[in-house]
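This report concerns only the one structure given below.
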Amino acid sequence: MTTTRGLLGALSRTDRPRRETLRAELARNRPGGRRTGLKPKLVLASASPRRLTLLAQVGIQPDALRPASIDETPRKGEMPRALASRLARTKALDARDAIANDKDIADAYVLAADTVVAVGRRILVKPRFVEEAVAALRLLSGRSHRVLTALCLVMPDDRVRLKLVDTRVRFKRLAQEEIEAYIASREWRGKAGGYAVQGLAGCFVQKINGSYTNVVGLPLTETVNMLMGEGFPIHFNWLKLGETDPE
């Protein structure tokens, strides 16, 4: 006699095998999951101009951008470190899935990052409105906060590496006219915590303990070390720069 559970299970199954992605096929059939003899490729799961500029500073030019559109709202009770790690991993895996059957970049490394600004356990999301930006600056005024960036790297064989970088930043006490002028500049838009340390808000910072580039949006030392540790040829472009230098 067939039970209800057995019937439902049979109906939910399919006799057709799930199609293997090109990425999985390359990882299974080729050493290191890459096409032999070809320079490995890198996909950045972001379209952030700041992250592109920082990568270019160390000679890294992504072969493609695959920004992930995900809900970045913190879950109830979610801590800043957990939020940054979850979002970076989700972005990386979404980008990995997006290129899985792209013949040009299916076997690329995928790099994602997510930056969270926090005061204690309180997470300061990217302000959408002037009122939110003003509230963020008032909260940061005269106190220390943390900038947390989670890096997630997906290798061509789909192994995942995750690293969290924590930087402490202290703001001077901001006068009301400074807050109003900064808000009027509109520099706060789209920035974690409502400010850009590489811009006008650099004059608000009294002290940074940790990575400056992390506060900008991508910790370069940790990013380069992560890529090098997984065999990505960071120094390839450095050598090319030396060859083209006219002296």
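The values are calculated or read from the model by the stated rules, or taken from the named source; none is laboratory data. Predicted, not measured: the structure shown is a model, and the values here were computed from it. Every residue, glycine among them, receives a Cβ derived from its backbone with ideal geometry; neighbour counts consider all protein chains shown. Surface areas here come from the heavy atoms of the whole protein model, side chains and all, with no ligands, DNA or RNA. Shrake-Rupley method; radii C 1.70, N 1.55, O 1.52, S 1.80 Å.
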Legend entry - Heavy-atom accessible area per residue - region 171-247, 1.4 Å, Å²: 56 Å²
Legend entry - Projected area, mean over directions - the chain, Cα convex hull, nm²: 19.3 nm²
Legend entry - Surface share of carbon and sulfur [accessible, 1.4 angstrom probe, percent] for the chain: 50 percent
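Which length gain, in nm to one decimal place, applies between Arg170 and Ser185 when the Cα-Cα distance is subtracted from 0.36 nm times their residue separation? Working shown, then result.
Details: separation 15, 0.36 × 15 = 5.40 nm, distance 2.14 nm.
Result for the pair: 3.3 nm of gain on full extension.
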Inset, instruction - Provide the gained length on full extension for the span Asp158 to Asn29, in nm with one decimal, where the gain is 0.36 nm per separating residue minus the Cα-Cα distance. - result: 45.1 nm
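Going by accessible area, probe 1.4 Å, with all protein chains left in place, what is the ranking of Leu87, Leu200, Leu139, Leu65, largest first?
Working: Leu87 5, Leu200 100, Leu139 30, Leu65 65 Å².
Of Leu87, Leu200, Leu139, Leu65, the descending order of accessible area is Leu200, Leu65, Leu139, Leu87.
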Inset, instruction - Mind giving me the nanometre distance, one decimal, between the label points for Asn101 and Leu239, set 7 Å out from Cα along Cα→Cβ? - result: 3.7 nm
Inset, instruction - Tell me what the chain gives for mean residue ellipticity at 222 nm when only DSSP H runs of n ≥ 4 count, each as -39,500 (n - 2.57), the sum divided by the residue total, rounded to 500 deg cm²/dmol. - result: -11000 deg cm²/dmol
Inset, instruction - Can you tell me how much longer the chain between Glu72 and Phe129 gets when fully stretched, taken as 0.36 nm per residue apart minus their C-alpha distance, in nm with one decimal? - result: 18.9 nm
Inset, instruction - Please calculate the 1.4 Å probe accessible area of Val134, with all protein chains present, and give it to the nearest 10 Å². - result: 30 Å²
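Taking only the alpha-carbon atoms of region 133-247, what semi-axes of the equivalent ellipsoid follow from 5 times the gyration tensor eigenvalues under a square root, in whole Å, largest first? Provide the component values of the computation, followed by the final result.
Working: eigenvalues 234, 68, 30 Å².
Equivalent ellipsoid of region 133-247: 34, 18, 12 Å, largest first.
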